[in-house]
Amino acid sequence: MRLLIVVPNQDRATGNWVTANRLQQGLVGRGHVVTIAATTGDPAELRASVAGAAPELAVLLHAWRSGRPWLDSGLALPYAVLLTGTDINAGIHEPTQAPVIAAVLEGAAAILMQDPATVNRLRRDRPAQTQRIHYLPPGIILGTDPYPLRARLKPAAGELLCLCPAGIRPVKGVAELLAMCDPLVREGHPLRLVCCGPLLDAAYSRSFLAAVAARTWAVYLGVIPPPAMPAALRQADVILSNSYSEGLPNALAEAAMLGRPIVASAIPGHLAVVADGVNGLLYDDEAGFQTAMRRLFDEPGLLAALAHPDPQRFAPEREATALEAICRGIIAERQPTCSPGM
């Protein structure tokens, strides 16, 4: 097969790019030709990418940011769309995006999601599209590059090193996470909040950086390259995510595979990774977050009890196999059939 993966033109450390690179690697390993095209929203770019790659099928990552320019391009090539958390939890209800996303879904040969609960919800909400809605089991490829997290930060003895890997934009709630930690610090709980990820929203990033600068116990590391993220995760005591919307977060999936305890907001994408009391703690609001964090300080052995490595949970082979089968099915359905005797 010859495939084109369309991804928003973002920092290469974003989840969309990490996913695109992983899908490409998995399919290329099965003998397919896969090209990644980044879209800025210009339909002419996509027409040029299709002309150069000559794909049989496109896979769009993000129904709004990749799907809108795809529709505008007028390309007749069949496509599958992999929905993101912002698509399904926000864009699909937003007045500007909703009609476009609906058109993208209507025209898609396959609609893919990586959270089983979200798959079930979309099938319930869109019964006419049920046969085209597929669960794509998430796969994770753990990078092997080193990262000197503890050597760089030099945490004090007994200090809880909390790592929050997330792009700096409103939906990730990283600035709010700083304020949520303030009462814990005032109570004397020794913690270091370490944030990493690309600056994706200018106004929000300015507010976030000012908030970090005002707190001696908070650090912003910039972007940790995806191949080095597992090394950073291994060195953290706990992984935090205060996101308000997720599809299935790559960094938390990596943390779950590595057995790093997770404290995360109780949203659908997180529920697909974190089992409360098993490999992490979930919370519904600020008070719930602070209660969960106090438990880590007050209950000896809780961190160790939540550390359950599960290296095969998100095996990339399952993801690549499932995507290959879906893509083959789409292409086969669109191949012309010959009448008997011809």
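Quick rundown of the values:
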read-out: Candidate set from the range 216-240 (those that are surrounded by fewer than 20 Cβ atoms within 10 Å (Cβ to Cβ) and out of contact with any strand residue (DSSP E or B) (no Cβ under 8 Å at 6 or more places or on another chain)); member that is nearest to Ile262 (Cα to Cα); value: Arg234
read-out: Helices (runs of 4 or more DSSP H) lying entirely in the range 245-326 (those with 3 or more residues that are buried (at least 16 other Cβ atoms within 10 Å of the Cβ)); value: 250-258, 268-271, 286-298
read-out: Sole exception among (1) assigned to a loop (DSSP other than H, G, I, E, B); (2) open to solvent by 60 Å² or more (accessible area, probe 1.4 Å) for Arg206, by number; value: (1)
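Residues checked against (1) within 16 Å of the chain's Cα centre (by Cα); (2) open to solvent by 30 Å² or more (accessible area, probe 1.4 Å):
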site: Ala38; (1), (2): no, yes
site: Arg47; (1), (2): no, yes
site: Ala58; (1), (2): no, no
site: Ala63; (1), (2): yes, no
site: Ala80; (1), (2): no, no
site: Asp87; (1), (2): yes, no
site: Pro95; (1), (2): no, yes
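The values are calculated or read from the model by the stated rules, or taken from the named source; none is laboratory data. Quantities reported herein were computed from a predicted structural model and do not represent experimental measurements. Please note: Cβ atoms are built from the backbone with ideal geometry, for glycine as well, and neighbour counts cover all protein chains shown. Just so you know, the surface numbers come from the protein's heavy atoms only, side chains and all, with ligands and any DNA or RNA stripped out. Shrake-Rupley method; radii C 1.70, N 1.55, O 1.52, S 1.80 Å.
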